[in-house]
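Every number here is computed from the coordinates shown, using simple stated rules; none is lab data. Everything quoted here is computed from the prediction, not taken from an experiment.
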Amino acid sequence: MRELTKRFMQTHEFRLLIIVILMCLFLSTFTAEFATLQNLVDVLGATAFVGILSAGLLVVIITGGIDLSFTAVASIAQFTALSIANNYQISWVGLF
């Protein structure tokens, strides 16, 4: 376990993790709006679509069928559905 931790501490991902933690601490200290429940809900809502695609992609990569095309198809489908909804004044319920 120590060897794994030591190797992780030498990667770029570890450095990025430290930077993200420092940024969160800095923003939480100097802004009143950052460390709020509403901000957390907004961030989670904004990244939910990417998170769902990432979870699906993780399953595909783990099973060995490395197929990345579904993320592109999902993005194009989302763009097309929203374009139709905007052009024809359809609510999101009317798309289904």
Q | Rounded to 10°, Cα long-axis angle of helix 37-46 versus longest principal axis of the chain | A | 60
Q: Could you state the angle between the C-alpha long axis of helix 48-63 and the longest principal axis of the C-alpha atoms of the chain, as a value from 0 to 90 degrees rounded to the nearest 10?
A: 70
Q. Which one is right for this structure if Cα Rg over 2.2 N^0.38 Å is calculated from it: [x] 1.56; [y] 1.24; [z] 1.35?
A. [x]
